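Here is the structure we will look at.
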Amino acid sequence: MTHRTSLTIVLAAGEGTRMRSATPKVLHPVAGQSLLTHVLAAAPKGSTASLAVVVGPDHQAVAQEAKRGRPDAATFVQRERLGTAHAVLAARDAIARGADDLLIVFGDTPLISAATFERLRAPLKGGAALAVLGFRAADPTGYGRLVVKGERLLAIREQADTSPAERTITLCNAGVMAFDGRKALDIIEKIDNANSKREYYLTDAVAIVRKLGLEAVVIETSEDEVRGINTKGQLAEAEQVMQARLRKAALDAGVTMIAPETVYLAADTTFGTDVTIEPFVVIGPGVSIADGAVIHSFSHIVQASIGKNASVGPYARLRPGTSLGEGAKIGNFVEAKAATLEAGVKVNHLSYVGDTHVGANANIGAGTITCNYDGFGKHKTEIGAGAFVGTNSSLVAPVKIGRGAYIGSGSVITRDVPDDAMAVERSQQTNREGGAKRYREMKTRGKAPKDG
Ligand code: UD1
Ligand code: MG
């Protein structure tokens, strides 16, 4: 692209009532990211690009999500929902600054790509006042129809205002438009609400452009890219399209997947080289998997970093804040949360490791549990490098197991164990005696502590 400046306005003021949800529509996730974040990620970025998001009056959370996805985003509130053109004008101050290209996109079309925005901008360089993204709809019902004569776009007709002949048109408005930024405000301000719904339709811009003797063109794309999400069914369809894309990108990048159609990825998952993912793995947001790591079947991983040549599962659950060092091994039925496991650590079977730091090459035996919660707060467990924790041990946090220490099977460790010491403890003595008393008192006073 040249050095043309751009302003992208994302319309996200709708309630999305058809989602039947208390959550605003654009905050629903596809591949672990909100619809809005997907659109923001595709919009032009960099020093020549600015961004505005139009939100509804009670949409604090949408404004916050916009800032999270793009800290450079300005947000504008559309107080009344009077139509798409009215929504655009909520960002009038940003438009008035006069970028070369004004791009308008809906917040509920998460499959749009950055390349399509660039294709749409190209005709503006050639002097067109407006470029509209169109697609051939399998079923055009509900979409605005593009009325064309040869190459020329004459008008867009909304479903409610179409003639029977116009209703047969399958070339539809995707909802993404690019205006010559210096003419946009003039054009959009001329739009009125003289239609059956009494709404200010952005789509009327086409006829106005024509009346002014300016050029309007259509750029076509695939229906898959411009699917608008209005219902939970459409959200699930978009998820399928997105998963297919993510799996293909992962395979293209060299990830080995035996049954890619059973693996769920997040939009931000990153892979090193020679990563293997076995069937039926679910990866949520914030996951990185380094070179040579293997994720075995039926594992569930969210916000975790997996080191080189590490091995996870089958049937492992890695919760937020888990970090595995090089060659670390998490076996079956192991859950980890806020846990750093340094290189070569083994937790092979049936364990819970939470709020814990484990030094290099420590071995955590089957059935080991870090008891991190005492009914009130969470506590840390520190396990030194090279320590050996025997099977079925409970490590009652806060507690430190020294480097190279040896914990006998079935121990309940309630006190710190020095480096290289050997501890075999099965007493009832506990560093939680105070806590236990407090817990009982609370209960007798009818105050249940919160769940762990
Ligand atoms: C719109 C287009 C239609 C196109 C279709 C593609 C118009 C008039 N119609 O119809 O030609 O084929 O999208 O999916 O533009 N919004 C606001 N404030 C408003 C009204 C809408 O922010 O006052 C936002 C909504 O949140 C949504 C977007 O604009 O993100 C589109 O609105 P929607 O009501 O879904 O328009 P459609 O009827 O789908
Ligand atoms: Mg819509």
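Annotation note: GluC sites (Glu not before Pro) in the stretch 151-201 located in DSSP loop regions with a Cβ neighbour count of at most 12 within 10 Å are Glu151. Mean residue ellipticity at 222 nm, helices only, the chain: -5500 deg cm²/dmol; runs of at least 4 DSSP H residues each add -39,500 (n - 2.57), and the sum is divided by the number of residues. What net charge do the residues around Asp291 carry, taking every other residue with its C-beta under 10 Å from that of Asp291, with Lys and Arg at +1 and Asp and Glu at -1? Neighbourhood net charge equals -1. Note on the chain: antiparallel DSSP beta bridges, both residues inside, total approximately 20 percent of the bridges counted.
Only one residue of Ser394, Ala52, Gly142 has its Cα farthest out toward the positive end of the dipole of the chain, where Lys and Arg carry +1 and Asp and Glu -1 on Cβ, and that residue is Ser394.
Of interest is the spacing of the C-alpha centroids, which for the stretch 16-57 and the stretch 154-190 amounts to 22 Å. Relative contact order of the stretch 210-287: 22 percent, from C-alpha pairs under 8 Å at least 6 residues apart in sequence.
Which residue, Gly175, Leu185, Thr75, has the largest displacement toward the positive end of the dipole of the chain when charges sit on each Cβ (Lys, Arg +1; Asp, Glu -1)? Selected residue: Thr75.
Could you give the distance between the Cα centres of the stretch 275-328 and the stretch 220-252, to the whole Å? The distance from the Cα centre of the stretch 275-328 to that of the stretch 220-252 comes to 25 Å. Pairwise alpha-carbon distances in the chain exceed 43 Å for 34% of all pairs. A cut-off under 10 angstrom between Cβ atoms defines the neighbours of Asp274, and their net charge, with Lys, Arg +1 and Asp, Glu -1, is 0. Dipole size of the stretch 197-326 about its Cα centre, with +1 on Lys/Arg Cβ and -1 on Asp/Glu Cβ: approximately 440 debye, rounded to the nearest 20.
Ordering Gly359, Ala216, Ser409 by Cα displacement along the dipole of the chain toward the positive end leaves Ser409 in first place; charges were set at the Cβ atoms of Lys, Arg (+1) and Asp, Glu (-1). Listed by Cβ neighbour count within 10 Å, with the fewest neighbours leading, Met422, Met242 appear as Met422, Met242. Among the helices of the chain, none built from whole DSSP H runs has Cα atoms reaching 18 Å or more along its own axis together with a mean Kyte-Doolittle hydropathy of at least -0.5.
Every read-out reported here was derived from the displayed coordinates using simple, explicitly stated rules and does not represent laboratory data. Remember, it's a predicted structure, so these values are computed and weren't measured experimentally. Quick reminder, even Gly has a Cβ in these numbers, built from the backbone with ideal geometry, and neighbours come from all protein chains shown.
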